[in-house]
1. Kindly indicate whether ARG134 is over 19 Å from the mean Cα position of the chain (by Cα), under 30 Å from GLY247 (Cα atoms) and of a type in the set (Lys, Arg).
2. It is to be established whether one or more residues within the range 207-228 are outside any loop (DSSP other than H, G, I, E, B), closer than 21 Å to LEU131 by Cβ and open to solvent by 20 Å² or more (accessible area, probe 1.4 Å).
3. Quick one: which of GLY247, GLY166 is of a type outside the set (D, E, K, R), more than 21 Å from LEU30 (Cα to Cα) and either free of Cβ contacts under 8 Å to residues at least 60 places away in the same chain or surrounded by 22 or more Cβ atoms within 10 Å (Cβ to Cβ) (or both)?
4. Among the residues of the range 58-100, how many are touching a residue at least 24 places away in the same chain (Cβ under 8 Å), small (Gly, Ala, Ser) and surrounded by fewer than 14 Cβ atoms within 10 Å (Cβ to Cβ)?
5. State all residues of the range 159-202 that are of a type in the set (Phe, Trp, Tyr) and closer than 20 Å to PHE219 by Cβ; if no residue qualifies, say none.
6. Looking only at the range 101-128, count how many residues are outside any loop (DSSP other than H, G, I, E, B), over 30 Å from GLY49 (Cα atoms) and open to solvent by 30 Å² or more (accessible area, probe 1.4 Å).
7. Of all residues in the range 195-216, count the ones that are out of contact with any Gly (no Cβ under 7 Å at 6 or more places or on another chain) and in contact (Cβ under 8 Å) with a residue 60 or more places away in the chain.
8. Any idea how many residues of the range 98-137 are farther than 30 Å from PRO250 by Cβ and of a type outside the set (A, V, I, L, M, F, W, C)?
Amino acid sequence: MKGLLFALKSGFGWLSAIPVGISMEGVEALMNHVYVFPLVGLVLGAILGTVSYIALQAFPASLVAVVVIVAIYWLCGINHIDGLADFADGVIAHGTREKKIAAMKDVYMGTGGGLYIVVLILATFAVLSSLPERLLPLALLTAEVSAKEAMISFAAFSSSLQKGFGQIMIQRTDKGQFLLGLVISAVICSLALGALGLAILAAAQLAALYLVWVSKRNFGGATGDGIGATNEIARVTALAAALALGGVLPWTLW
C-alpha cells in the first residue's frame, strides 16, 4: 500500500504541475503502478470540472472555454503539448525514418509542431464552447481520465525507440497494467456519465491506438513525445465524443 501511495504521489509529479516533487525512486514506483494514471486524471479532471462550473456562473461559453484551456495548461503543465509539437515535427518531416526521428528530437519547434498546437487549441476551444453547460464539468472529468488511460494504451501497444523516461514507461507497461487501468477508467467514466462516459473512454482509446500506428509507421517505434502527444489528442477526442454523443447516449447508469 505504501508503494502504491508513493506511485500515486509521483503520478501527480509526472502528469501535472502540482509541486509534489518526483525522484527516480518515485519514477520507479510509478512505473510499477502505471495503472494509477486514471486516478491522477480523476483528480485533475475534477479540478478542471470545478473551474468550469465556477466560470459558467460568470462568463459566456466562449470565455469559459478560454478559462478552461488556461486552467488545463496551468494545472497539467506544458510537457505533453511540447511532446505533441516534437511528435508533429517528426511526422510532417519528409525523408527517411532517420530524418523523421532527427526532426522529432530537434530542440527547436518546426512548422509542423506549431501547426499541430494551433489546431489542437482551436479544436479544444470549439468543443468546450459548444458543450452543454450541464455536461461540461463531467465531460472534463471523464476526458482527463480517458486521456491518462490513453497514455497507458499507447505505451502498452508500442515498442520503445530510444532511451529516456518514455522508454522506461513503454518497456514497463504491459497488457496487465493496461487492462487494470482500463477497468479503473471504465468504472470512473461510467459512474460519472453512464454509457456516454464509456463512449468517451472508447473514443480516447481509439485515438491512442491510431497514434501507435502513426508512430510505428513514421519512426518504427515510440518515444516519450508520442506519449505526450497521445495525452493531448486523446483529451480533445474525448471532449469531441462528449459533444457528438451527449444528445444520443444516456448520462447515467439508471
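The values are calculated or read from the model by the stated rules, or taken from the named source; none is laboratory data. All of these numbers come straight from a predicted model, not from anything done at the bench. Cβ: placed from backbone, ideal geometry, glycine included. Neighbour counts: every protein chain shown. Heavy atoms of the whole protein, side chains included, go into the accessibility calculation; ligands, DNA and RNA do not. Shrake-Rupley method; radii C 1.70, N 1.55, O 1.52, S 1.80 Å.
1. For ARG134, the condition - over 19 Å from the mean Cα position of the chain (by Cα), under 30 Å from GLY247 (Cα atoms) and of a type in the set (Lys, Arg) - is met.
2. No, the conditions are met nowhere in the range 207-228.
3. Every option except GLY247 fails the conditions.
4. The total comes to 1.
5. Answer for the range 159-202, where residues must be of a type in the set (Phe, Trp, Tyr) and closer than 20 Å to PHE219 by Cβ: just PHE165.
6. Final tally of qualifying residues: 4.
7. Final tally of qualifying residues: 3.
8. 12
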